[in-house]
Amino acid sequence: MTTQQIKYFLVLAEELHFWKTSEKVYTSQSSLSRQIQSLEDELGIQLFERNKRNVKLTEAGQFLKKHWKVLLDDFDRTCKQAKKIDEGTSGVIAIAYPGSISFNFLPQLLKNLNCEMPDLKTELTEPTDVTQEDLLLNYKVDIAFSRDAIKNPTISSRKLYAEPVCLVVPKNHWLREDNFNDFRDLKDEKFIISGLHHTTYFASLLRSIFNTYDFEPKTSIESDFGGMILNLVSNGLGISILPYSFQFAINNKLRFIKLSEEVDLFVNWRSDDHYQTTKNVINYAIKIGERFNQ
């Protein structure tokens, strides 16, 4: 039994006329007749009652017409979906990302994917207690954006762009870019930052900044969530240090003061991942990163 035979059967079941059916399926009447007879012989079921004038479905034929049409439609949809997956325009992609890119880079990427790959489903994860490396190695995600390249021989990394690190203060704060001289001017300020004891890349960057200026911050609140930090700073509860990307959050109660230090953004993926969708998403990310570097 072949899908071709089933298709012939379904058209004939609608037309109930061999000549009209042969015209529709682009084959000869004799070939159509042989295909239907072969199908009946294989099934051991008479599908049509036919004579020189009439063709009529048997009860078994009526049953199969109803159910085979549903199955064949589902089969066709499945094949089309598989083709989209093979072309990298459909399926599911799981992405891990740092919160700092959720206000600019990530929305631009998702907007691009929505336009170019509308059938793609995207699953987003902002990790807190696991690393992007673990998520990739455990197949929890397909792509991980991170502030540092993942040093693992089974994972590929590519730098997308660099951006400044900024002091973030309330809009009405005394500190401005033109009067900031040294971190020691901030000795009495309360800081809202990621815990310096953490092993994350950004925590290590903060430690490096403070060591460079021989400065020990007066930390009043610790948080790893940038959105929360922005809200706390805008409410006058302290100041913070965050990547420049957070400036694109919709909050007009804040002032960003650029520091000389920069932070990178990398895209990481499993080296043996040959899923075309993954490759396409990475390429879109690289193109957006190139625009950010200009």
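Laid out as a table, the results:
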| quantity | calculated |
| --- | --- |
| Candidates Val141, Val267, Val70: whichever shows maximal mean-square fluctuation once the chain is modelled as a Gaussian network with Cα springs under 10 Å | Val70 |
| Most mobile listed residue (Glu126, Glu59, Glu87) in the chain, GNM with C-alpha springs under 10 Å | Glu59 |
| Length-normalised contact order for the stretch 95-159 - Cα pairs under 8 Å, 6+ apart - percent | 44 |
| Neighbour-count order for Glu216, Glu261, fewest beta carbons within 10 angstrom listed first | Glu216, Glu261 |
| Amide H contacts of Leu254 (H built 1.01 Å from N, under 5 Å, at least 5 apart or other chain) | Lys171 |
| Over 32 Å between alpha carbons, listed pairs Lys121/Lys218; Lys24/Lys111; Lys24/Lys83; Lys187/Lys287; Lys7/Lys279; Lys66/Lys111 | Lys121/Lys218; Lys24/Lys111; Lys187/Lys287; Lys7/Lys279; Lys66/Lys111 |
| For Ile93, Ile250, order by how many other beta-carbon atoms lie within 10 Å, fewest first | Ile250, Ile93 |
| The chain - percent relative contact order, Cα under 8 Å, separation 6 or more | 23 |
| Inter-probe distance in nm under a simple model that places probes 7 Å from Cα toward Cβ, at Leu124 and Asp185 | 3.6 |
| Three-way shape label, the stretch 124-164, alpha-carbon gyration tensor, a/c 1.5 | oblate |
| Extension reserve of the Arg207-Trp174 stretch, reckoned as 0.36 nm per residue once the Cα distance is removed | 9.4 nm |
| Simple label model, 7 Å out from Cα along Cβ direction - Arg158 to Lys7, nm | 3.9 |
| Calculated percent of Cα pairs over 32 Å apart (choose from (1) 26; (2) 50; (3) 29), label | (2) |
| Extension gain from Leu110 to Lys20, taking 0.36 nm per residue of separation minus the Cα-Cα distance | 27.5 nm |
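We did not get these values from a lab; they are worked out from the coordinates using the rules stated. Note that the coordinates shown come from a computational prediction; the quantities given were computed from them, not determined experimentally. As a convention, Cβ positions derive from the backbone with ideal geometry for all residues, glycine included, and neighbour counts pool all protein chains shown.
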